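Heads up, the thing below is written out as structure tokens.
Read the figures in this text as sums done on the coordinates, not as results from a lab. Treat the numbers as computed from the prediction; the structure is a model and nothing was measured. All Cβ positions, even for glycine, are placed from backbone atoms using ideal geometry, and neighbour counts span all protein chains on display.
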Amino acid sequence: MGKTASLEARLESGARLNPEEAQGLWELDLLTLGREADLVRRRLHPEDRVTYVVDRNINYTNTCTSGCRFCAFFREPGSPEGYVLEAEALALKLGELKAHGGSGVLLQGGLNPDLPFAYYEDLVRQIRESGLGVHGFSPPEIAFMSQRFGLPLKEVLALLLAAGLSSIPGGGAEILVDRVRGQISPRKCSSAQWLEVMAAAHELGLKTSATMMFGHLETRAERLEHLLKIRDLQDRTRGFVSFIPWTFQPGGTALGGEHLGAVEYLRTLAVSRLVLDNVLHLQVSWVTQGPKIAQVALKFGADDFGSTMLEENVVAATGVGFRLSREEIETLVRRAGYQPRVRDHRYNLL
């Protein structure tokens with residue numbers, strides 16, 4: 001039996017791939033990868049269902065000390081274009097989201113050195129008191145708060161939990177390889193710190209997502225290293241409910257470069273499904289790939305269509321402007337042969 005046939009046999013038996021076998025996935029043709037990823041998706045989710053969440057991305061500040069070369073959204077401290085979201089403006093956003101039937105808010109912002117810790121607690125309380133969940137504060141934000149206020153990670157998380165935090169998004173992972181992070185985000189937390197925040201969150205009972213932003217300076221082997229780090233932590237904590245890989249958008253960024261094409265996106269999505277055998281949900285990225293490729297992605301291992309994104313600022317800052325309504329998402333899902341179902345950020349069906 002040849003190497004490729006042996007790997008396909010391993011995949012179809014449901015066996016866990018070791019790092020060498022996982023590296024061999026890149027050698028499979030695209031349609032074979034898609035078929036194998038779809039088989040795994042159907043084993044994990046035998047029902048013909050695709051979920052999505054009704055929410056909005058609220059960025060409470062664009063002032064950030066991180067200076068990531070891939071980000072077109074941030075402004076340095078002191079910039080006249082910097083902002084901090086006030087309670088009155090937040091209330092308007094929450095009211096609009098509730099009118100659209102939203103269940104929660106994806107809350108993220110820059111690493112702003114001028115905000116007191118009470119600001120973050122008040123944000124969470126205001127959202128929860130409005131009746132919405134808070135999927136908030138990525139690991140770099142948590143690590144920044146820990147350093148800025150001299151608090152252990154678990155204490156930061158416990159205080160935010162007490163204020164009403166529901167779950168944590170997996171942003172700020174980019175590629176969990178410090179060679180890459182040193183070039184694209186040298187002032188952001190390290191790979192180990194990102195994983196440390198997630199481990200602490202999981203120990204406190206918080207569910208989280210994980211992400212991967214790829215298609216910039218990383219190699220395929222480094223994408224795989226990222227996936228294996230997520231898989232290893234999930235073996236220990238079981239706290240990741242979903243994984244969201246999305247492609248770097250170069251417009252307006254210091255990093256620049258070319259857009260990664262749909263073929264490499266679908267290939268990486270399928271590899272993610274085949275490697276992450278212990279993460280239940282895999283999400284498409286229509287906000288970077290557009291609706292039609294997202295629809296195809298449902299046959300490459302994904303079972304979740306992400307968010308309605310009533311508001312999205314970070315990717316939009318690069319000049320990419322895909323928008324989808326709740327009705328459009330449901331139509332896309334049905335036309336792909338699945339039944340759409342609404343969920344919350346913790347993947348509870350509503």
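Going by how many other beta carbons lie within 10 Å of each one, how would you line up 259, 345, fewest first? The partial results should precede the final answer.
On the way: 259 15, 345 25.
With the fewest neighbours first, 259, 345 line up as 259, 345.
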Using DSSP, restrict attention to beta bridges with both residues in the chain and report what percent are antiparallel, rounded to the nearest 5. 5 percent
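In region 1-87, which GluC sites (Glu not before Pro) fall in coil by DSSP and have 15 or fewer other Cβ atoms within 10 Å?
Loop-located and lightly packed - 47, 81, 86.
Would you work out the relative contact order for region 30-343, in percent, from Cα pairs under 8 angstrom that are 6 or more residues apart? Write out the running numbers ahead of the final one.
Working: 599 pairs, mean separation 81.7, N = 314.
For region 30-343, the relative contact order is 26 percent.
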Calculate, in nm to one decimal, what residue 335 and residue 88 gain on full extension: separation in residues at 0.36 nm each, minus their alpha carbon distance. 84.9 nm
Output needed: Cys residues of the chain lacking any neighbouring Cys C-beta below 4.7 Å, sorted by number. 64, 189
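Compute the relative contact order of region 104-244 as a whole-number percentage, counting only Cα pairs closer than 8 Å that sit 6 or more residues apart in sequence.
Numbers: 197 pairs, mean separation 32.5, N = 141.
This gives 23 percent for region 104-244.
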Suppose R0 equals 41 Å. What FRET efficiency, 1/(1 + (r/R0)^6) with r the Cβ-Cβ distance, do residue 5 and residue 121 give to the nearest 0.05? 0.15
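Do any of 207/292; 154/207; 98/188; 154/188 go past 22 Å between their Cα atoms, and which?
Among 207/292; 154/207; 98/188; 154/188, the Cα-Cα distance tops 22 Å for 207/292; 98/188.
What net charge do the residues around residue 166 carry, taking every other residue with its C-beta under 9 Å from that of residue 166, with Lys and Arg at +1 and Asp and Glu at -1? Before the final figure, lay out the partial values.
Values: positive: 128, 207, 346; negative: 344.
It works out to a net charge of +2.
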All other residues with a Cβ under 14 Å from the Cβ of residue 335 taken together, and with Lys, Arg as +1 and Asp, Glu as -1, what is their net charge? -1
For the chain, what are the per-bin percents of Cα-Cα distances with bins 10 Å wide, up to the bin holding the maximum? 5, 26, 36, 25, 7, 1, 0
Separation between the residue 12 and residue 76 pseudo-spin-labels, each 7 Å from Cα along Cα→Cβ, expressed in nm? 5.8 nm
Net charge near residue 122, counting Lys/Arg +1 and Asp/Glu -1 over other residues with Cβ under 12 Å of its Cβ? -1
Separation between the residue 161 and residue 327 pseudo-spin-labels, each 7 Å from Cα along Cα→Cβ, expressed in nm? 4.3 nm
